[in-house]
Each structure stands twice: as C-alpha cells, then as structure tokens.
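Since the structure comes first, as structure tokens, the remarks are kept for the end.
The values are calculated or read from the model by the stated rules, or taken from the named source; none is laboratory data. Please read these numbers as outputs of a predicted model, since none were measured by experiment. In this analysis, Cβ positions are derived from the backbone assuming ideal geometry, glycine residues included, and neighbour counts consider all displayed protein chains. With ligands, DNA and RNA removed, areas are computed over all heavy atoms of the protein, side chains included. Shrake-Rupley method; radii C 1.70, N 1.55, O 1.52, S 1.80 Å.
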Amino acid sequence: MLEPVDKQAVAQRFSKAAQSYDQYALLQKEVGRNLLSLIPEKKYVNGLDLGCGSGFFLPDLQQLCNYLLALDISPGMLKQASLCDKAQGYVCGDAEALPLRSESLDLVFSSLALQWCHDPTQAFREIKRVLTSQGYALFATLNSGSLFELREAWMAVDNHEHVNQFMEELELRSVLQQAEIRCKTWQVQRHVMYYADVNAILQSLKRIGASQVNGQRSQGLLTRQKLQCLQQAYERYRLPTGLLPVTYNVCYGVLHR
Ligand SMILES: C[S@@+](CC[C@H](N)C(=O)[O-])C[C@H]1O[C@@H](n2cnc3c(N)ncnc32)[C@H](O)[C@@H]1O
C-alpha cells in the first residue's frame, strides 16, 4: 500500500502549473501519444479523458468519440483544458469516486494520472464501474524505478527521498486483479529524458506540477547549500553526451470488463 496522498495538495500544485504544463510536459506528451496508439480501432460513443490535465489529448480523443468528457481533480487544469473547446463536458472530480453513471462510457483514457491516486484499486474499480461491456479503458502510469537518479541523489544529501513512491509492476498487476478488471494489453517501457543540469530537472517537475505528495518527505526549504549537494550527488549519472538522465518506467494497459 502506498503512503497517503494529500489530494488537495495535488489539485493545488497542478492548478498552479496549469499554464506552464504544456511547455514542460515532454515525457507526458511522449507517453500519451504511445497510449493513443494502443486504442482499439472502432468508433466510440462516450469517451472520458480521466486526469485530462491541460487537455493536450482532447483533440485526438474527440476524433474517436461522439461525446467526450474531460475530468480532472485540479480546477486550474480543467480551466486550461476547456480553452481548447474539444470536449462536450468538463468535470472536476476524483478518479477514486467518479461522479459518473455506471456503464455509461465505452472509452476511458487515462495518461499519467493514476499514479497520483491514494488507492489505485479503488480507481480501477471505478473505471470498471463506468465502462460498458463493449468498452475499453487505456491507462499509462509510472512504476517503481521512475526518477531513481533523483531519489538516490537526494538520499545522498539528507537521507530523504523527496520523490513520490510508485508501485512495482507486480503490485500493479495485483491491483488490477483486486479490481476484477481484465487486461487485454500490457506493456512496460522505459523512457529516459535528458537535461543539462539539476536545476532544469527540478524546474521541469515543478512546472508540470509534479512535486512530491506521498512517501518520505524532508522538512524545510531547498537551501543553496542543499542544492549544491544535490547537484554534486547527481553528477555520478552524467553521460558522455554531457547530459543528465531522468528515467521513467511506464506501464501501459488496455483493460475491459
Ligand atoms: C501528469 S498530469 C497528466 C495530464 C494529462 N493526462 C497528460 O497526459 O498530459 C496528471 C493529472 O492528473 C490529475 N489528477 C491527479 N490525481 C487525480 C485524481 N485523484 N482524480 C482525477 N485527476 C487527478 C492532475 O490534476 C493532473 O492534471
């Protein structure tokens, strides 16, 4: 079981990052495009982008569905998403308690949102509940090992992880079993993003709203001295290209009832 998630903090941080999100969300764009390519080909009637963020994938989803809903826990992100005017409805809600009718959707798309849930089993139960018998749910989420360079560099600084906890692949599989939802496709892919320095890494996480919300958090501000120690500790990962890697392990799934 993961540590508790402060959902209000999640919503606030994403709202704060809503305007800068698209500029910095390079991994999210790569992952979302992969997830779109896994959608089984057919015409969908009612679709949902669950944890839609800034709405980056709404135009693609709109092409596939007659009626599209965008849902997010963050009011700021929803407001940003509504600017593209590609969905028929924008709902502020929680993936763990979807304010939607049972068996009302034949497509649920959720890219890099479910790792923010407190109880992923409950989120998958909800996804199953709202899916029709012919429907598909596609998700991409982060697994353990994601951001391992940053986690280890922080541990060397103050013995705190400063990075969210993510589930092991096996744990995620057992979550799906508990939620009694069936899996049609399962893929795990490693994505590595590259940055010039630690400041750029921290800046990009902040600008997409992805600060730590669960697990072992350190107290206190990021002082100049701590930042210098972090930079030094991260140096061991610097590549011959001169860049610093940030690794993400992404699990992709296509689910049905
Ligand atoms: C990293 S962003 C991904 C956004 C979008 N899917 C994309 O790929 O660009 C994660 C989004 O999930 C939303 N989120 C986090 N926890 C949520 C929850 N419990 N219910 C609904 N949305 C949630 C956040 O507000 C944020 O907009």
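Here is how the numbers come out for the structure above:
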read-out: Residue within the range 181-192 that is within 16 Å of the ligand (Cβ to nearest atom) and within 28 Å of F56 (Cα to Cα) present; value: yes
read-out: Residue in the range 192-203 that is least open to solvent (accessible area, probe 1.4 Å), counting only those that are part of a strand (DSSP E or B) and within 18 Å of Q23 (Cβ to Cβ); value: M193
read-out: Candidate set: the range 77-95, residues that are open to solvent by less than 20 Å² (accessible area, probe 1.4 Å) and near the ligand (Cβ under 9 Å from one of its atoms); chosen: the one nearest to K184 (Cα to Cα); value: A95
read-out: Any hit, the range 104-119, residues being of a type in the set (D, E, K, R) and more than 30 Å from T247 (Cβ to Cβ); value: yes
read-out: Condition broken by F56, with the remaining ones in (1) open to solvent by 50 Å² or more (accessible area, probe 1.4 Å); (2) without any contact (Cβ under 8 Å) to a residue 60 or more places away in the chain; (3) touching a strand residue (DSSP E or B) at 6+ places or on another chain (Cβ under 6 Å) satisfied; value: (3)
read-out: Members of the range 106-120 found to be more than 9 Å from the ligand (Cβ to nearest atom) and open to solvent by 10 Å² or more (accessible area, probe 1.4 Å), listed by number; value: D106, D119, P120
read-out: Selection from the range 94-111 of residues that are touching a Leu at 6+ places or on another chain (Cβ under 7 Å) and within 23 Å of M167 (Cα to Cα); value: A95, V108, F109, S110, S111
read-out: Subset of the range 63-76 (residues that are touching a Leu at 6+ places or on another chain (Cβ under 8 Å) and either within 14 Å of the ligand (Cβ to nearest atom) or under 15 Å from S111 (Cβ atoms) (or both)); value: L64, L68, L69, A70, L71, D72
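Quick grid of which residues meet (1) in contact with a Ser or Thr (Cβ under 6 Å, 6 or more places away or on another chain); (2) open to solvent by less than 60 Å² (accessible area, probe 1.4 Å); (3) hydrophobic (A, V, I, L, M, F, W, C):
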{"site": "P4", "(1), (2), (3)": "no, no, no"}
{"site": "R13", "(1), (2), (3)": "yes, no, no"}
{"site": "A25", "(1), (2), (3)": "no, yes, yes"}
{"site": "K29", "(1), (2), (3)": "no, yes, no"}
{"site": "S37", "(1), (2), (3)": "no, no, no"}
{"site": "C52", "(1), (2), (3)": "no, yes, yes"}
{"site": "L61", "(1), (2), (3)": "no, yes, yes"}
{"site": "L69", "(1), (2), (3)": "no, yes, yes"}
